[in-house]
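The values are calculated or read from the model by the stated rules, or taken from the named source; none is laboratory data. The structure displayed is predicted, hence computed values, not measured ones. Neighbour counts run over all protein chains shown; Cβ positions are idealised from the backbone, glycine included.
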Amino acid sequence: MNPRRRNPTRRGYWAPTLVGALCFGLFALGGEPRTLYRAQGMGKFPAVYGGDSLPEAINDAGEATGDSLNWDFHLHAFYWRPGEQMRDLGDLPGGRSSSHGYDINELGHICGTSSSSQGGEAFLWTPEAGMIGLGDLPGESFSSRGLGMNDNDDVVGYSQTFGGERPFLWTEAHGMEMLPTLTVGGTNTSAWAINNKGEVVGTGESERALMEGFIWDRENGIRPLGFASKNQLIIGAIAINEHSQVACQTSDLQGCLWDPVEGPTLTGFLPGNHQRIVPYGLNDHGVMVGGGQTDLDVFIAFIWDKQHGLRNLSELIDAGTHPDYRRLGSARDINNNGWIVARGYDADDAILLTPFVLGDMNCDGSVNVFDIEPFVLALIDLEAHAAAYPGCHADWAGDINQDGSFNGFDVDAFVELLAEP
């Protein structure tokens, strides 16, 4: 009789194996934990013919924003949190029923842009006050866009003026003020992000390039980020974390992480004929996410950190994920818990990626002998495991052989995982 055909849920099948694993595991530490992601749809607004939703940002509480197509075919900004349906934020008074959420802070407040009675206008949304227009810099058309914000509700972005796009900083105390540019009277400059220190990053015209990344704060003024290597100028500064690290892009269209002490680190390119790497999100651990494009116009979501380098996120999706969410086009943001919001190829709703460590049955971040007891418990009774280890997805972490199910067939793979050097 083929032993693999025995009932994998019967205790008699896997108990002796686990006893052996326990004896061996007393000395085994296991290899480097392998992080995978469970991808799930975040939903969308009710819409004729289905509609779609696109995410842009996520905070540490898992609250997110972006836009979704509503029932009358207009894009509206949304607010979303785990376990709830998307909330339609509407638009500013007198608008043409169009809005987009670009960033969300730790208070759950959102900035973006909306049509209004005057034109396109940056907004700040809070649950208490709703959507508030932030105005516009003096210019030829009423047009502003809020792209980034911090936990003080300071908003940055750009506004259309007589001289082109100019960066702005909006605060409750001072309203909208124009930020300096890399050149006097410089045009086509946008502020993309701001951290809680008040440091702003963005991209604008300089004396040496049509696009150059910059950082600004009130004490030091505006400074270019300079060169990422001997011949590669940093042309875009897209996100900034609380350690003043900046997610950036170079003139050869690869990504980079700029650090105020260590300087820039290049991401390189994904394998194949890739033309560009665009970082979109950065967390406080220095982990970046974004999108890569090939010469065949194929878009691939990526994740990057110094330890692992550049990786295709679609290759890190676990086998239990629904097939519609396994192929990703770009990753838009990552929070400090490692949660990622992404856009897909085969799904028309926003996608949330939740990380877990394969084999980490007690969710302490490591795979070792302390995972044996919770592994056995989960095989016997998933509900008992959930009660003993709240928030720890045993059916995700326990599917060691990645066949899409957690059962006795994962025992051998679990033993091998513990034995890895």
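The number of residues in segment 212-237 that are crowded, with 18+ Cβ neighbours inside 10 Å and within 17 Å of D252 (Cβ to Cβ) comes to 9.
Listed by first and then second residue, the pairs linking a residue in segment 290-307 that is within 17 Å of L266 (Cα to Cα) and hydrophobic (A, V, I, L, M, F, W, C) to a residue that is surrounded by fewer than 24 Cβ atoms within 10 Å (Cβ to Cβ) and modelled with pLDDT under 90, with Cβ atoms under 8 Å apart and 6 or more places separating them unless they lie on different chains, are F302/L270.
Hey, which of the strands (runs of 3 or more DSSP E) in segment 38-107, taking only ones fully inside, have at least 1 residues that are of a type in the set (S, T, N, Q) and touching a residue at least 60 places away in the same chain (Cβ under 8 Å)?
On the way: elements: 53-58, 64-69, 75-80, 99-104.
In segment 38-107, 53-58, 64-69 are the strands (runs of 3 or more DSSP E) which contain 1 or more residues that are of a type in the set (S, T, N, Q) and touching a residue at least 60 places away in the same chain (Cβ under 8 Å).
Scanning segment 286-313 for residues that are within 14 Å of R332 (Cα to Cα) and buried (at least 20 other Cβ atoms within 10 Å of the Cβ) yields V287, M288, V289, G290, G291, G292, I300, A301, F302, I303, W304, L313.
The strands (runs of 3 or more DSSP E) located wholly in segment 128-215 that include 3 or more residues which are without any contact (Cβ under 8 Å) to a residue 40 or more places away in the chain occupy 155-161, 164-171.
Yes or no, residue by residue, for (1) among the polar types (S, T, N, Q); (2) out of contact with any helix residue (DSSP H, G or I) (no Cβ under 6 Å at 6 or more places or on another chain); (3) over 25 Å from E242 (Cα atoms); (4) surrounded by fewer than 16 Cβ atoms within 10 Å (Cβ to Cβ):
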position: S115; (1), (2), (3), (4): yes, yes, yes, no
position: G120; (1), (2), (3), (4): no, yes, yes, no
position: L124; (1), (2), (3), (4): no, yes, no, no
position: G148; (1), (2), (3), (4): no, yes, no, no
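Which helices (runs of 4 or more DSSP H) sit wholly inside segment 330-421 and have at least 2 residues that are touching a helix residue (DSSP H, G or I) at 6+ places or on another chain (Cβ under 8 Å) and buried (at least 22 other Cβ atoms within 10 Å of the Cβ)?
Numbers: elements: 372-380, 382-388, 394-397, 411-419.
Of the helices (runs of 4 or more DSSP H) lying wholly inside segment 330-421, those with at least 2 residues that are touching a helix residue (DSSP H, G or I) at 6+ places or on another chain (Cβ under 8 Å) and buried (at least 22 other Cβ atoms within 10 Å of the Cβ) span 372-380, 411-419.
Using the structure shown, decide if G320 is touching a helix residue (DSSP H, G or I) at 6+ places or on another chain (Cβ under 9 Å) and assigned to a loop (DSSP other than H, G, I, E, B). So G320 fits the description; yes.
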